[in-house]
Structure formats: C-alpha cells, structure tokens
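Here is the structure we will look at.
The values are calculated or read from the model by the stated rules, or taken from the named source; none is laboratory data. Being a predicted model, the structure only gives us computed values, none of them experimental. All Cβ positions, glycine included, derive from the backbone under ideal geometry; neighbour counts span all protein chains shown.
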Amino acid sequence: MLQRGNNRQPIFSSGADYQTLLDLLDENADKFDVAIHAYVLMGNHFHLLVTPQTVEGLPQMMQAVGRRYVRYFNDSQNRTGTLWEGRYRSTVIQADRYLLACMAYIDLNPVRAGLVAQARDYSWSSHGHYVGQRIDKVITPHPLVWALGNTPFAREAAYAELVQSGINLVQQTALTDSALSGWALGEPDFVADLQKKTERRVAKSRAGRPTSIQKNTVN
C-alpha cells in the first residue's frame, strides 16, 4: 500500500510527526483488525505491507488514520487543506512468492533514495524490528517470517542477510508496477483464483465478474 503527499509535498516535518503517524497506525490497525507486517515512512509518502482480516478493514483503518493525521499535521503547521494525494494505492500480492521480497523492497526505500547507506541506519521503518535492533509494537510478523529460522537470532540473521542481498531488478520493477497500477501480483493461477472472488478487475489482461471481494496481503 502506498500513500503520498499531495503533489508529493512533505507529510512529516519532525520526528514527532513520524511517531504520531506510527501511533495512529498502531491504534487503528488493532481497532480494524489489520495486521501490519512492514512499513517505511519517507519524507513525502509511506508504504505498508498488511493483511486485513475483513473486506472493510484496510479502508476503514486508512480513513481513520488519514483524517486524524491531517488534523494533527495542519494544526502543528498552521496550515489548512488537503495533505494526501487522493486515495491510497493498494494491491494484492501472492505471499509465498513475493512477501519477503516486498518486505525487503520496503526496507530498501531509504537506501534507494540515498538517505542512508544501509536499511538498518533508517529509523522510520520496520527493518529494525526484524533484525533485532528494537521491538516495534506496530508490527505483526507474517508466518513466512517465522519460517526463516527456529530461534529469534536465526530469524534476525536470515532476514538481515535477505535485505543486505537486495532484490533483483525484475522483482523491484514488478513490485513498483503492481503498487502503482493496483494490479495483483502473483502466479497466473493465483491471479485467476483471486479474480473469481471479486468483481473488481485485478489484472490488466482479465476482467472477471464474480461476486465477493477478499484481500489477502496488501502492499
């Protein structure tokens, strides 16, 4: 999931702003039953990797967070008007194929932007939680993370190595395109099965017309 500032304007001006958004995410993820697996807060946008447990969980969470954060930010900056660039963008990914790559992609945003040399040097992402630097109450690890090792130390080392190794250009392009376009990302069978569950068009080449919406893992 991607949310940008309007005209890509800054949405944070201080450390307190970053922390306020995290606190709102934590509160409302719990309220609306959304598991946040990974996040990164950048200067003018943020990414989330989540699993909502209900159809309406994610939009309800984002509406609540968005409204309260705008009020807070406008008051603190003595400004008025919109802050967000419209509705957030989201897509569904096939967890067993792309979830860990998506987590690394999120962690590496500050590195790609030239803000830090390594993901562990950036304070406003979930990377520190997964490599043992801190405990982040916002985070609910996905089962695929637990499968990285039998002990906390083994999982932390394996995840650190995964991010340090980076993701290839094909994965990076696929994740970026999926986030921006909203098309589901996964194997053809996964996408076809997903399309059977929703009237929403989930892939560029298909436009199925089934009856119900079910989101699994959203970026």
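If you go through region 141-163, how many residues are part of a loop (DSSP other than H, G, I, E, B) and exposed (fewer than 15 other Cβ atoms within 10 Å of the Cβ)?
Qualifying residue count for the region: 4.
Take the residues in region 169-205 that are among the small types (G, A, S) and within 17 Å of V55 (Cβ to Cβ); name whichever of them is modelled with the lowest pLDDT.
Per the stated criteria, the residue is G182.
Of all residues in region 21-35 being within 12 Å of the chain's Cα centre (by Cα) and buried (at least 22 other Cβ atoms within 10 Å of the Cβ), which is nearest to I135 (Cα to Cα)?
Across region 21-35, the extreme among qualifying residues is L25.
Taking into account only those residues within region 38-96 that are closer than 30 Å to D193 by Cα and among the hydroxyl-bearing types (S, T, Y), which is nearest to the chain's Cα centre (by Cα)?
This residue is Y39.
In region 28-49, what residues are farther than 30 Å from G114 by Cβ and either assigned to a loop (DSSP other than H, G, I, E, B) or in contact with a Ser or Thr (Cβ under 6 Å, 6 or more places away or on another chain) (or both)?
Answer for region 28-49, where residues must be farther than 30 Å from G114 by Cβ and either assigned to a loop (DSSP other than H, G, I, E, B) or in contact with a Ser or Thr (Cβ under 6 Å, 6 or more places away or on another chain) (or both): F32, D33, A35.
Exactly one condition in (1) at pLDDT 95 or above; (2) over 17 Å from H37 (Cα atoms) is not met by G81; state its number.
G81 satisfies all of (1) at pLDDT 95 or above; (2) over 17 Å from H37 (Cα atoms) except (1).
Which condition breaks for D17 when tested against (1) assigned to a helix (DSSP H, G or I); (2) under 16 Å from the mean Cα position of the chain (by Cα)?
(2)
Please go through region 105-130 and pick out each residue that is surrounded by 23 or more Cβ atoms within 10 Å (Cβ to Cβ) and either over 12 Å from the mean Cα position of the chain (by Cα) or of a type in the set (A, V, I, L, M) (or both).
I106, P110, A119, H127, Y130, listed by residue number.
Please give the number of the condition Y72 fails out of (1) among the hydroxyl-bearing types (S, T, Y); (2) modelled with pLDDT of 95 or more; (3) within 24 Å of S181 (Cβ to Cβ).
For Y72, the exception is condition (3).
Give, as residue ranges, the helices (runs of 4 or more DSSP H) completely inside region 50-135 that count at least 2 residues that are over 23 Å from N6 (Cα atoms) and touching a helix residue (DSSP H, G or I) at 6+ places or on another chain (Cβ under 7 Å).
95-107, 127-130
For region 5-20: of the residues being hydrophobic (A, V, I, L, M, F, W, C) and surrounded by fewer than 22 Cβ atoms within 10 Å (Cβ to Cβ), which is farthest from S90 (Cα to Cα)?
A16
Collect the residues in region 139-168 that are over 19 Å from the mean Cα position of the chain (by Cα) and of a type in the set (A, V, I, L, M, F, W, C), keeping them in residue-number order.
A147, L148, F153, A154, A157, A158
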